[in-house]
1. How well do other chains shield peptide B:93-100, expressed as the mean number of their Cβ atoms within 10 Å of each residue Cβ?
2. What does the average come to when, for each residue of peptide A:217-228, you count the partner chain Cβ atoms lying within 10 Å of its Cβ?
3. Based on the alpha-carbon gyration tensor of region B:113-184 and its eigenvalue square roots a ≥ b ≥ c, which shape applies: rounded if a/c is under 1.5, prolate if not and a/b is larger than b/c, or oblate?
4. Measure off 7 Å from each Cα along the Cα-to-Cβ vector at residue A:301 and residue A:51, then give the distance between these two points in nanometres to one decimal.
5. Whats the longest run of chain A with zero trypsin sites (Lys or Arg not before Pro) that are DSSP loop and have at most 15 other Cβ atoms within 10 Å?
6. Taking a quarter of the surface of the Cα convex hull of region A:213-318, what do you get in nm²?
7. Count the lysine pairs in chain A whose Cα atoms lie under 22 Å apart, taking only pairs 8 or more positions apart in sequence or on different chains.
8. Restrict the search to region B:58-116; then list the GluC sites (Glu not before Pro) that DSSP places in a loop and that have at most 14 other Cβ atoms within 10 Å of their Cβ.
Amino acid sequence: MAKKTANGLKQDKDPARPLLNLKKRRRPGEIVIQSLLFFTGFFSIFTTISIVYELGKEAWLFFRTPAVNLLEFLTGTKWQPHIEEFGILPLATATLVTTAIAMAIAIPLGLAAAIYLSEYASKKMRNTLKPILEVLAGIPTIVYGYFALTFVTPLLRSVFGNDIVEIYNTGSAGLVMGILILPLIASISEDALNAVPRALREAAYGLGATKLEVAVKIVLPAALSGIAAAVILGISRAIGETMIVAVAAGAGPNFTLNPFKAAETMTGHIVRISGGDLSYDSIDYNSIFAIGLMLFFLTLTLNIISQRFVRRFREVYE
Amino acid sequence: MTEINYVFETHGLNIFYGNFLAVADVNINIPRHKITAIIGPSGCGKSTLLRAFNRMNELVPDTHIHGEVLFEGQNLYEKSVDPVEVRYRIGMVFQKPNPFPKSIYENVAWAARIHGHKGNMDELVESSLRQAALWDEVKDILHSSGLAISGGQQQRLCIARAIAVKPEVILMDEPASALDPIATLKIEELMQELKQKYTIVIVTHNMQQAARVSDHTAMMMLNGGATRSGTVIEFDETNKIFTRPTDKRTEDYVTGRFG
């Protein structure tokens, strides 16, 4: 049958031109792969949700107890479960001190290492140094913990005096945590710097910029989102780090910002309490879930803040 | 003494990537306030030669050079010469527009600022953008990203950025090859304006473009030896290269009989 086409010409079915087979074909392999990928993605989300649910459930049991109220929990400066004092501040300040010290070490040194590797080092140098740096990240944290206790603490004590620096102190734990996190920040930041297109560097060099100007004023801002991700990952790692603080920072809540004093961080406390014999559903037992939930909110908040920060300052190069 | 009319003179210039001799024995003089085109087939070392004029080649590890490139009578490859100073005086525009991921204003101001520009930055930005024939199109969006404008505008922004540091020479590496014909025309018109103040060296694939815009043309080709190195086989006024070339290979190439 003749059919009108868009341009008004008639198009006949031509017996000399058989129809090509353009029918949809079944591709079972595609469906299998797609569902498999979906399932793995779903599984990780499901696990996360389950963890949050479990944390929330146990924490709810804690907050429901008459001896506890939320305001006191958030603002109290004493954490003494045996007399039913649950103020998280001593644990939180210890976490804050160790994290701050760690990041004060890890961010500048890690960034400097990343800039060196990406902008200054020769290819050969980079290919040798980067794997070594990454090996540092593979050392078990318990080893770092003993390094803090048996090397850094005596060092601090000999520098600042035995009566100022306690045997267990947050300072030495923080310093060593910084060393632990440094390679993480260096490695991820280096990837981000390296991903900045060559064309941008050439543009800057072509204008008579020095290496330092290119690195700091062109490459660094362009790689900011990746660097921010590295820093956030580092902070999350520092907040969550357990072994070093459990070994070197001290075993007892202490409301202080003094890095030379012993204090127990949130993670350190959880580890100590859950190591002891706690009966299920006791208030002590439930309290560690409340601390866990706080840790979760802390890292979540950091993630949100960093996303805002990146969106605000990022220089999009594509 | 008469004015020296050559900005660049190369003497026995050889450029190596590692052991590979990419460009062999180039001896050309680039005249002042003219447009010199470098043409030739792909892979014959046109860009490599261009990048020898502002020492951009050495950003690639393992590159080295034999021979001389005189810039205003001074050998650029003398040990005492600072490549940063060289690139400050010899600007470059690249094949693909590569504005910084900063605002239009900041793109133009950036280099002037790092070189310690004293004076009114707003004026410098405006005059540079005007010279690049871009001012009218962007004067209301100076603080938008340099990547938010069209490819042709981005390329003119890159030219404005190069002009802002007041170079003597602008090297252009196929500046229009990523652009449509209308944007290309604008860039070519702009080049005619710019040559009043600057010396321009342009690499181009497009022979019509070379014929349209340039005053002198260097024809490059692989020298056919075992090393597969590129070299300048003929250098003359553009007019002559395209109408009465002396080298048979040039004639074949410009008349499309190449290959």
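Quick note: the coordinates plus some simple rules give every number you see, no bench work behind them. All values reported here derive from a predicted model rather than from experimental measurement. So basically every Cβ, Gly included, is an ideal-geometry build from the backbone, and we count neighbours across all protein chains shown.
1. Numbers: counts 2, 4, 1, 2, 2, 10, 4, 10.
The mean count of partner-chain Cβ atoms within 10 Å per residue comes to 4.
2. On the way: counts 5, 4, 0, 0, 3, 3, 0, 1, 0, 0, 0, 0.
Whole-number average of other-chain Cβ neighbours for A:217-228 is 1.
3. In terms of gyration-tensor shape, oblate.
4. Roughly 2.0 nm, to one decimal.
5. On the way: sites that count: A:13, A:23, A:24, A:25, A:26, A:78.
That gives A:79-318 as the longest site-free run.
6. Over all viewing directions, region A:213-318 projects a mean Cα-hull area of 9.6 nm².
7. Taking the Cα cut-off of 22 Å, the pair count is 9.
8. Answer by residue number: B:72, B:78.
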